[in-house]
Amino acid sequence: MMEGSEDGTAICPGSYDPVTNGHLYTIRRAARVFRRVVVGVVNQPVRKQDTLFSADERKQFIEEAIEGLDNVIVEVFDTLLVEFAHKHNASVIVKGLRAISDFEYEFEMNQLNRKLDPGIESVYLMSSPEFSFLSSSGVKEMAAFGGDTRDLVPVRVAERLKEQYSR
Ligand code: PNS
């Protein structure tokens with residue numbers, strides 16, 4: 001193991017607006033590989049676009065869905081990701097990669113994070129085919145037009161999406 005990673009903690013960061021079954025699968029897989037996983041829900045002070053759900057609710061959705069996974073915790077953060085990793089003594093960031101279209105964005109993020117702290121390594125879990133085209137924005141779009149999202153997100157999230165868009 002690399003220096004600094006003895007703790008065996010990995011960070012799974014994201015906006016999770018809202019969490020999807022694809023995210024949850026990545027978190028579960030990370031929890032099998034690492035001793036401890038901290039899911040970081042970003043609450044960006046300057047956000048390109050507002051989130052549909054508050055950071056607390058986004059956190060709650062994940063907590064409900066991962067109940068029983070003893071080595072996973074969920075926390076909101078509003079700092080640089082590398083600072084959040086330091087706070088938890090983690091030297092690994094885990095992200096899910098879906099299609100090739102994710103690659104360019106993730107590559108850029110990787111370079112920025114590497115610049116900020118070369119000691120933190122990012123690793124990527126390839127998504128399984130059923131989640132390859134599942135995204136929070138796609139789910140929101142579906143819900144906005146009255147589509148049923150129950151197969152794509154936890155039941156509670158599907159209910160809340162329906163509420164949000166029926167107003
Ligand atoms: O689910 P997302 O929106 O792809 O997640 C993006 C996330 C949370 C990983 C990214 O926005 C992030 O790391 N934000 C914290 C600020 C930061 O450290 N940015 C990257 C280096 S400038």
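Nothing in this text is a laboratory measurement; each read-out follows from the coordinates by a stated rule. Source: prediction; values computed, not measured. Counting neighbours? That spans all protein chains shown, and the Cβs are built from the backbone with ideal geometry, glycine included.
Couple of notes before you dig in:
- Relative to the dominant Cα principal axis of the chain, helix 101-116 is inclined by about 40°.
- Ordering of 91-97, 60-66, 114-120, 30-36 by packing [mean C-beta count within 10 Å, highest first]: 91-97, 60-66, 30-36, 114-120
- When peptides 148-156, 121-129 are ranked by their average number of other Cβ atoms within 10 Å per residue, the highest-first order is 148-156, 121-129.
- For ILE62, net neighbour charge (Lys/Arg +1, Asp/Glu -1) across residues whose Cβ lies under 14 Å away: -2
- Residues in region 78-83 carry Karplus couplings, in order, of 9, 10, 5, 4, 5, 5 Hz; the curve used is 6.51 cos²θ - 1.76 cosθ + 1.60 with θ = phi - 60°, and Gly or Pro positions show x.
- Here is how the number arises for the chain: DSSP H runs of 4 or more residues each give -39500 (n - 2.57), the sum is divided by the residue count, and the result at 222 nm is -12500 deg cm²/dmol.
- For region 1-112, the relative contact order works out to 36 percent when only alpha carbon pairs closer than 8 Å and six or more residues apart are counted.
- Here's how it looks for VAL76: its modeled amide H is under 5 Å from those of VAL41, which are all 5 or more places away or on a different chain.
- Nearest 10 degrees, 0 to 90: helix 55-65 Cα axis against the chain principal axis: 90
- Gap separating the Cα centres of region 128-162 and region 45-99, nearest whole Å: 19
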